[in-house]
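Read the figures in this text as sums done on the coordinates, not as results from a lab. Everything numeric here is computed off the predicted structure, so don't read it as measured data. With ideal geometry, Cβ positions are generated from the backbone for all residues, glycine too; neighbour counts draw on all protein chains shown.
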Ligand code: DGL
């Protein structure tokens, strides 16, 4: 690892495009930061895989990004944050920020009636990542969780307005609608891309929580505390790596980040897989 300073990039990874929602929040707050992103598009989804597989993939992604001399790693994936955060924090020489704590803290702060819904992948929901954290913060909070695995392919395909998505959302969210929640955690970084249909289905009175916003605040706090905030006045650079053909990624990423992206590179999975 070379010397890390303010100019070193922040690393992000996700199974696919979802982490771009976190990149967007971080670049809105910290436009001068350089960014390196890895989307494991060859192996998406992570949310229906075993904990040991997600830990293995997460370590591979982290080791790839470490070679880019990142100063901080943002696990821009709730599934990986749910099952691999501790392993990453224990094994990496740099700080690692996940999605669960910022999202839970923000949800609890936002909710008036402390009846909170959480939607996420099978992995995030079955591991009870959010409900555990929410109950540590407030043992009396009522938390209702629902896995919504079909949302990820809709997001990856960019079908954010499709009628089929509306039907799927109606089915997934019907039970939560009867629980009196006033806050719904979008516990998967892909879901903010589907916000419009999710909000329509759950109703306007429910506040949607996107973990990217509070995570960006934590990134800023850390950089300020360590004197690692980029002091450049120029817009930060952004570099993207994917493990499968980048065409679709480019289209969706451009739509999502609202700008043309030229530097997307495909990497071979072999390059990623740790030699044992
Ligand atoms: N974006 C991811 C998350 O936040 C993972 C989606 C998936 O790969 O299943 O959980």
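Tilt of helix 20-29 relative to the longest C-alpha principal axis of the chain, in degrees (0 to 90, nearest 10)? Here the helix axis deviates by roughly 70 degrees. Taking a ≥ b ≥ c as the square roots of the eigenvalues of the alpha-carbon gyration tensor, the chain is classed prolate because a/c is 1.5 or more and a/b outweighs b/c. According to the Cα-based calculation, Rg over Rh for the stretch 1-46 is 1.05, with Rh computed by the Kirkwood formula. Using C-alpha pairs below 8 Å separated by at least 6 residues, the relative contact order for the stretch 45-159 is 26 percent.
Per residue, the average separation of C-alpha pairs within less than 8 Å and at least 6 apart gives the stretch 127-195 a relative contact order of 38 percent. For the chain, the longest principal axis of the Cα atoms and the long axis of helix 100-110 meet at an angle of about 40 degrees.
In this calculation the C-beta distance from residue 270 to residue 196 is compared with R0 = 41 Å, giving a FRET efficiency of 0.55. Rounded to a whole number, what is D in µm²/s for the stretch 128-192 from Stokes-Einstein with the Kirkwood radius over alpha-carbon pairs (37 °C, 0.692 mPa s)? The diffusion coefficient I find is 248 µm²/s. Distance between the 7 Å Cα→Cβ label points at residue 221 and residue 42: 3.8 nm. Per-residue extension of 0.36 nm, minus the Cα-Cα distance of residue 32 and residue 182, leaves a gain of 50.5 nm for this segment. Taking only the alpha carbons of the stretch 1-140, we obtain Rg and Dmax values of 15.3, 49 Å in that order. Counted by neighbouring Cβ atoms within 10 Å, the residues 135, 190 run from fewest to most as 135, 190.
Per-residue Cβ neighbour counts within 10 Å put 46, 222 in the sequence 222, 46, beginning with the fewest. Give the calculated FRET efficiency between residue 157 and residue 91 to the nearest 0.05, with a Förster radius of 35 Å applied to their Cβ-Cβ distance. Calculated value: 0.55.
With kT/(6 pi eta Rh) evaluated at 37 °C and eta = 0.692 mPa s, and Rh the Kirkwood radius from Cα pairs, the stretch 170-217 diffuses with a coefficient of 292 µm²/s according to Stokes-Einstein.
I'd like the distance separating the alpha-carbon centroids of the stretch 83-129 and the stretch 207-269, in whole Å. Using only Cα atoms, the two centres lie 19 Å from each other. Quick one: grab the alpha carbon gyration tensor of the stretch 153-276, order the square roots of its eigenvalues as a ≥ b ≥ c, and give me rounded if a/c is under 1.5, else prolate or oblate depending on whether a/b is larger than b/c. Cα axes put the stretch 153-276 in the oblate bin. Here the residues 77, 148, ranked from fewest to most Cβ neighbours within 10 Å of their Cβ, fall in the order 148, 77. For the stretch 81-181, the Stokes-Einstein estimate of translational diffusion at 10 °C and a viscosity of 1.306 mPa s comes to 105 µm²/s, using the Kirkwood hydrodynamic radius over alpha-carbon pairs. Entry note, the chain: the mean residue ellipticity at 222 nm calculated from DSSP H runs of n ≥ 4, each adding -39500 (n - 2.57), is -13500 deg cm²/dmol after division by the residues and rounding to the nearest 500. Under 8 Å for C-alpha pairs, at least 6 residues apart: give me the relative contact order for the chain, rounded to a whole percent. Relative CO of the chain lands at 27 percent.
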